[in-house]
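Enquirer: Mind looking over this structure? Questions follow.
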Amino acid sequence: MPENYTPAAAATGTWTEEEIRHQPRAWIRSLTNIDALRSALNNFLEPLLRKENLRIILTGAGTSAFIGDIIAPWLASHTGKNFSAVPTTDLVTNPMDYLNPAHPLLLISFGRSGNSPESVAAWNWQINLYRNAITCRSPLQRSGALYQNAINSDNAFALLMPAETHDRGFAMTSSITTMMASCLAVFAPETINSQTFRDVADRCQAILTSLGDFSEGVFGYAPWKRIVYLGSGGLQGAARESALKVLELTAVNWRPFMILQPDSVMDQNRWSMTKRWWWYLSPATLTPVSMILICWLNFAVTTRQCV
(Lines give C-alpha, C1' and ligand atoms only; values in the text may rest on other atoms or scores of the structure.)
Protein backbone atom coordinates (compact mmCIF):
# COMPACT_ATOMS: atom_id res chain seq x y z
CA MET A 1 0.00 0.00 0.00
CA PRO A 2 1.58 3.34 -1.00
CA GLU A 3 2.14 5.98 1.66
CA ASN A 4 -0.10 8.48 -0.12
CA TYR A 5 -2.99 6.04 -0.38
CA THR A 6 -6.38 7.58 0.45
CA PRO A 7 -9.78 5.96 1.08
CA ALA A 8 -11.13 7.07 -2.27
CA ALA A 9 -13.48 4.10 -2.57
CA ALA A 10 -15.27 5.02 0.63
CA ALA A 11 -18.45 7.02 0.14
CA THR A 12 -17.98 8.52 3.59
CA GLY A 13 -14.35 9.38 2.90
CA THR A 14 -13.29 7.50 6.04
CA TRP A 15 -10.59 4.91 6.58
CA THR A 16 -13.03 2.78 8.58
CA GLU A 17 -15.38 2.31 5.64
CA GLU A 18 -12.53 1.60 3.25
CA GLU A 19 -11.08 -0.96 5.66
CA ILE A 20 -14.44 -2.68 6.03
CA ARG A 21 -14.88 -2.84 2.27
CA HIS A 22 -11.52 -4.43 1.52
CA GLN A 23 -11.89 -7.27 4.06
CA PRO A 24 -12.95 -10.02 1.61
CA ARG A 25 -9.88 -9.38 -0.55
CA ALA A 26 -7.61 -9.24 2.50
CA TRP A 27 -8.89 -12.58 3.79
CA ILE A 28 -8.06 -14.39 0.57
CA ARG A 29 -4.65 -12.71 0.30
CA SER A 30 -3.74 -13.79 3.81
CA LEU A 31 -5.04 -17.35 3.44
CA THR A 32 -3.23 -17.72 0.12
CA ASN A 33 -0.02 -16.67 1.85
CA ILE A 34 -0.64 -19.22 4.60
CA ASP A 35 -1.16 -21.94 1.98
CA ALA A 36 2.25 -21.04 0.55
CA LEU A 37 3.81 -21.17 4.04
CA ARG A 38 2.17 -24.48 4.97
CA SER A 39 5.38 -26.51 4.84
CA ALA A 40 7.24 -24.06 7.09
CA LEU A 41 4.26 -23.83 9.44
CA ASN A 42 4.05 -27.60 9.73
CA ASN A 43 7.78 -27.85 10.45
CA PHE A 44 7.30 -25.40 13.31
CA LEU A 45 3.98 -26.65 14.70
CA GLU A 46 4.00 -30.43 14.34
CA PRO A 47 6.79 -31.11 16.89
CA LEU A 48 5.05 -28.77 19.34
CA LEU A 49 1.61 -30.30 18.90
CA ARG A 50 3.07 -33.71 19.75
CA LYS A 51 4.33 -32.45 23.13
CA GLU A 52 2.53 -33.82 26.15
CA ASN A 53 0.59 -31.27 28.23
CA LEU A 54 1.08 -28.52 25.64
CA ARG A 55 -1.02 -25.47 26.38
CA ILE A 56 -1.87 -22.97 23.63
CA ILE A 57 -2.77 -19.46 24.79
CA LEU A 58 -4.27 -16.92 22.39
CA THR A 59 -3.41 -13.46 23.63
CA GLY A 60 -3.56 -9.80 22.70
CA ALA A 61 -4.62 -6.42 24.02
CA GLY A 62 -8.07 -4.88 23.54
CA THR A 63 -9.68 -6.03 20.31
CA SER A 64 -6.73 -8.36 19.69
CA ALA A 65 -7.63 -10.13 22.94
CA PHE A 66 -11.20 -10.67 21.73
CA ILE A 67 -9.83 -12.71 18.81
CA GLY A 68 -8.88 -15.42 21.28
CA ASP A 69 -12.21 -15.19 23.11
CA ILE A 70 -14.02 -15.75 19.82
CA ILE A 71 -12.04 -18.61 18.28
CA ALA A 72 -10.47 -20.50 21.22
CA PRO A 73 -13.62 -22.56 22.07
CA TRP A 74 -13.98 -23.80 18.49
CA LEU A 75 -10.26 -24.53 18.09
CA ALA A 76 -10.25 -26.52 21.34
CA SER A 77 -13.22 -28.66 20.32
CA HIS A 78 -12.10 -29.05 16.70
CA THR A 79 -8.45 -29.97 17.33
CA GLY A 80 -8.68 -31.61 20.75
CA LYS A 81 -5.82 -29.39 21.94
CA ASN A 82 -5.71 -27.25 25.08
CA PHE A 83 -6.58 -23.80 23.68
CA SER A 84 -7.46 -20.88 25.94
CA ALA A 85 -7.72 -17.10 25.61
CA VAL A 86 -5.96 -14.79 28.08
CA PRO A 87 -5.48 -11.01 27.54
CA THR A 88 -1.90 -9.77 27.68
CA THR A 89 -2.85 -7.45 30.53
CA ASP A 90 -3.72 -10.49 32.66
CA LEU A 91 -0.64 -12.42 31.59
CA VAL A 92 1.71 -9.57 32.45
CA THR A 93 0.15 -8.63 35.79
CA ASN A 94 -0.62 -12.16 37.05
CA PRO A 95 1.61 -14.54 35.07
CA MET A 96 1.70 -17.40 37.58
CA ASP A 97 -2.09 -17.64 37.50
CA TYR A 98 -1.80 -18.90 33.93
CA LEU A 99 1.67 -20.41 33.56
CA ASN A 100 3.18 -23.69 34.67
CA PRO A 101 6.92 -23.69 33.97
CA ALA A 102 6.89 -27.49 33.93
CA HIS A 103 4.55 -27.60 30.94
CA PRO A 104 5.30 -26.38 27.42
CA LEU A 105 3.38 -23.34 26.21
CA LEU A 106 2.67 -22.07 22.72
CA LEU A 107 1.79 -18.38 22.90
CA ILE A 108 -0.16 -17.01 19.93
CA SER A 109 0.22 -13.22 20.06
CA PHE A 110 -2.17 -11.05 18.04
CA GLY A 111 -1.46 -7.39 17.36
CA ARG A 112 -2.40 -4.79 14.79
CA SER A 113 0.86 -2.89 15.19
CA GLY A 114 2.77 -5.45 17.23
CA ASN A 115 4.00 -2.66 19.48
CA SER A 116 1.66 -2.80 22.50
CA PRO A 117 3.88 -2.69 25.63
CA GLU A 118 2.00 -5.52 27.35
CA SER A 119 2.20 -7.71 24.23
CA VAL A 120 5.94 -7.19 24.01
CA ALA A 121 6.31 -7.86 27.75
CA ALA A 122 4.37 -11.13 27.51
CA TRP A 123 6.50 -12.16 24.54
CA ASN A 124 9.73 -11.71 26.50
CA TRP A 125 9.05 -14.37 29.15
CA GLN A 126 11.96 -16.74 29.68
CA ILE A 127 10.14 -20.01 30.34
CA ASN A 128 9.36 -23.23 28.47
CA LEU A 129 7.75 -21.13 25.77
CA TYR A 130 7.21 -21.28 22.03
CA ARG A 131 5.70 -18.34 20.19
CA ASN A 132 3.71 -17.52 17.07
CA ALA A 133 3.21 -13.83 16.28
CA ILE A 134 0.23 -12.96 14.09
CA THR A 135 0.48 -9.26 13.34
CA CYS A 136 -0.18 -6.68 10.65
CA ARG A 137 2.44 -5.14 8.40
CA SER A 138 2.46 -1.35 8.54
CA PRO A 139 2.48 0.32 5.11
CA LEU A 140 5.02 2.78 6.50
CA GLN A 141 7.44 0.33 8.13
CA ARG A 142 8.39 -3.30 7.87
CA SER A 143 6.64 -4.36 11.06
CA GLY A 144 6.38 -3.93 14.79
CA ALA A 145 8.25 -5.25 17.79
CA LEU A 146 6.43 -8.61 17.83
CA TYR A 147 7.59 -9.41 14.32
CA GLN A 148 11.14 -8.26 14.97
CA ASN A 149 11.32 -10.39 18.12
CA ALA A 150 9.92 -13.40 16.27
CA ILE A 151 12.36 -13.35 13.37
CA ASN A 152 15.26 -13.08 15.81
CA SER A 153 14.12 -16.05 17.91
CA ASP A 154 14.81 -19.74 17.36
CA ASN A 155 11.53 -20.84 18.92
CA ALA A 156 9.11 -18.45 17.21
CA PHE A 157 7.21 -18.09 13.95
CA ALA A 158 6.04 -14.76 12.54
CA LEU A 159 2.97 -14.47 10.34
CA LEU A 160 2.35 -11.07 8.77
CA MET A 161 -1.05 -10.01 7.50
CA PRO A 162 -1.46 -8.07 4.21
CA ALA A 163 -0.36 -4.45 4.44
CA GLU A 164 -3.88 -3.08 4.00
CA THR A 165 -5.01 -4.75 7.24
CA HIS A 166 -2.88 -2.37 9.31
CA ASP A 167 -6.02 -0.32 9.92
CA ARG A 168 -5.57 3.44 9.93
CA GLY A 169 -9.04 4.02 11.32
CA PHE A 170 -9.44 4.23 15.10
CA ALA A 171 -11.51 1.04 15.23
CA MET A 172 -9.85 -2.25 14.30
CA THR A 173 -11.87 -3.88 11.53
CA SER A 174 -10.00 -5.68 8.74
CA SER A 175 -7.13 -6.41 11.12
CA ILE A 176 -9.22 -8.43 13.56
CA THR A 177 -11.16 -10.49 11.01
CA THR A 178 -8.05 -11.24 8.95
CA MET A 179 -6.08 -12.31 12.04
CA MET A 180 -9.04 -14.48 13.11
CA ALA A 181 -9.30 -16.22 9.75
CA SER A 182 -5.53 -16.63 9.57
CA CYS A 183 -5.23 -18.26 12.98
CA LEU A 184 -8.04 -20.66 12.12
CA ALA A 185 -6.26 -21.52 8.88
CA VAL A 186 -3.02 -22.18 10.77
CA PHE A 187 -4.56 -24.77 13.10
CA ALA A 188 -7.45 -26.11 10.97
CA PRO A 189 -6.21 -25.92 7.36
CA GLU A 190 -8.55 -28.64 6.15
CA THR A 191 -11.52 -26.46 7.17
CA ILE A 192 -10.23 -22.92 6.62
CA ASN A 193 -8.01 -22.25 3.61
CA SER A 194 -7.95 -19.99 0.57
CA GLN A 195 -10.21 -22.32 -1.42
CA THR A 196 -12.84 -23.13 1.19
CA PHE A 197 -13.03 -19.48 2.24
CA ARG A 198 -13.39 -18.02 -1.24
CA ASP A 199 -17.15 -18.54 -1.33
CA VAL A 200 -17.44 -16.78 2.04
CA ALA A 201 -15.43 -13.83 0.74
CA ASP A 202 -17.54 -13.62 -2.42
CA ARG A 203 -20.79 -13.63 -0.46
CA CYS A 204 -19.50 -10.96 1.90
CA GLN A 205 -18.50 -8.82 -1.06
CA ALA A 206 -22.05 -9.15 -2.40
CA ILE A 207 -23.45 -8.04 0.98
CA LEU A 208 -21.16 -5.02 1.04
CA THR A 209 -22.31 -4.07 -2.43
CA SER A 210 -25.96 -4.43 -1.42
CA LEU A 211 -25.47 -2.12 1.58
CA GLY A 212 -24.65 0.68 -0.81
CA ASP A 213 -23.69 4.09 0.52
CA PHE A 214 -22.37 3.91 4.09
CA SER A 215 -23.39 7.53 4.63
CA GLU A 216 -27.04 6.48 5.05
CA GLY A 217 -28.26 4.77 8.22
CA VAL A 218 -29.23 1.14 7.74
CA PHE A 219 -31.75 1.36 10.60
CA GLY A 220 -33.36 4.54 9.35
CA TYR A 221 -33.71 7.49 11.69
CA ALA A 222 -35.36 5.91 14.74
CA PRO A 223 -34.00 7.53 17.94
CA TRP A 224 -32.35 4.37 19.24
CA LYS A 225 -30.06 4.76 22.23
CA ARG A 226 -29.15 1.20 23.13
CA ILE A 227 -27.73 -1.77 21.31
CA VAL A 228 -27.57 -5.05 23.22
CA TYR A 229 -25.48 -7.93 21.89
CA LEU A 230 -26.17 -11.41 23.24
CA GLY A 231 -23.87 -14.37 22.89
CA SER A 232 -22.47 -17.41 24.66
CA GLY A 233 -19.35 -19.46 24.08
CA GLY A 234 -17.25 -17.97 21.31
CA LEU A 235 -20.11 -15.65 20.46
CA GLN A 236 -19.72 -13.95 23.84
CA GLY A 237 -16.38 -12.70 22.51
CA ALA A 238 -18.10 -11.59 19.32
CA ALA A 239 -20.72 -9.74 21.39
CA ARG A 240 -18.05 -7.94 23.41
CA GLU A 241 -16.13 -6.97 20.28
CA SER A 242 -19.30 -5.78 18.55
CA ALA A 243 -20.21 -3.64 21.56
CA LEU A 244 -16.71 -2.16 21.60
CA LYS A 245 -17.06 -1.21 17.94
CA VAL A 246 -20.23 0.76 18.75
CA LEU A 247 -18.36 2.54 21.54
CA GLU A 248 -15.46 3.38 19.24
CA LEU A 249 -17.61 4.62 16.37
CA THR A 250 -20.31 6.49 18.31
CA ALA A 251 -20.83 8.41 21.54
CA VAL A 252 -23.19 5.92 23.20
CA ASN A 253 -22.69 3.81 26.31
CA TRP A 254 -22.21 0.09 25.83
CA ARG A 255 -22.31 -3.19 27.69
CA PRO A 256 -22.18 -6.71 26.25
CA PHE A 257 -24.74 -9.13 27.67
CA MET A 258 -24.91 -12.89 27.71
CA ILE A 259 -28.18 -14.66 26.98
CA LEU A 260 -29.43 -14.98 30.58
CA GLN A 261 -29.49 -11.31 31.52
CA PRO A 262 -32.40 -9.74 33.44
CA ASP A 263 -35.13 -7.80 31.69
CA SER A 264 -34.02 -4.66 33.54
CA VAL A 265 -31.67 -3.90 30.67
CA MET A 266 -34.75 -2.72 28.76
CA ASP A 267 -36.86 0.31 29.57
CA GLN A 268 -40.10 1.65 28.12
CA ASN A 269 -38.77 5.11 27.37
CA ARG A 270 -36.03 4.08 25.01
CA TRP A 271 -36.16 2.13 21.83
CA SER A 272 -33.75 -0.76 22.24
CA MET A 273 -32.29 -2.73 19.39
CA THR A 274 -31.31 -6.24 20.44
CA LYS A 275 -29.34 -8.68 18.35
CA ARG A 276 -29.91 -12.25 19.47
CA TRP A 277 -27.56 -14.98 18.28
CA TRP A 278 -29.67 -18.11 18.79
CA TRP A 279 -27.60 -21.21 18.11
CA TYR A 280 -29.90 -23.90 19.51
CA LEU A 281 -30.74 -25.64 16.21
CA SER A 282 -27.70 -27.94 16.23
CA PRO A 283 -24.12 -27.96 17.52
CA ALA A 284 -22.93 -27.59 13.93
CA THR A 285 -24.58 -24.17 13.67
CA LEU A 286 -21.74 -22.47 15.55
CA THR A 287 -18.80 -22.48 13.15
CA PRO A 288 -15.65 -20.39 12.89
CA VAL A 289 -16.98 -18.92 9.67
CA SER A 290 -20.19 -17.78 11.36
CA MET A 291 -18.21 -16.06 14.13
CA ILE A 292 -16.03 -14.18 11.64
CA LEU A 293 -19.11 -13.17 9.67
CA ILE A 294 -20.92 -11.86 12.76
CA CYS A 295 -17.98 -9.56 13.56
CA TRP A 296 -17.62 -8.52 9.93
CA LEU A 297 -21.32 -7.83 9.36
CA ASN A 298 -21.52 -5.82 12.58
CA PHE A 299 -18.65 -3.61 11.34
CA ALA A 300 -20.49 -2.96 8.10
CA VAL A 301 -23.90 -2.30 9.65
CA THR A 302 -22.65 -0.19 12.56
CA THR A 303 -20.41 1.97 10.40
CA ARG A 304 -23.10 2.50 7.80
CA GLN A 305 -25.41 3.65 10.58
CA CYS A 306 -23.02 5.79 12.62
CA VAL A 307 -20.39 7.52 10.47
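Enquirer: Just the residues that are among the polar types (S, T, N, Q) and assigned to a helix (DSSP H, G or I), please, taken from segment 180-210.
Expert: The answer is Ser182, Gln205, Thr209, Ser210.
Enquirer: Now a separate question. Looking at (1) within 19 Å of Gly234 (Cβ to Cβ); (2) modelled with pLDDT of 95 or more, which one does Thr32 not meet, given that it meets all the others?
Expert: Just one mismatch for Thr32, condition (1).
Enquirer: What pairs can you find where one residue is in segment 12-36 and surrounded by fewer than 23 Cβ atoms within 10 Å (Cβ to Cβ), the other is at pLDDT below 85 and of a type in the set (A, V, I, L, M), and their Cβ atoms are less than 6 Å apart, with a gap of 6+ or different chains?
Expert: What qualifies is Thr12/Val307; Thr14/Val307.
The values are calculated or read from the model by the stated rules, or taken from the named source; none is laboratory data. Because the structure is a prediction, the values reported are computed rather than measured. Quick reminder, even Gly has a Cβ in these numbers, built from the backbone with ideal geometry, and neighbours come from all protein chains shown.
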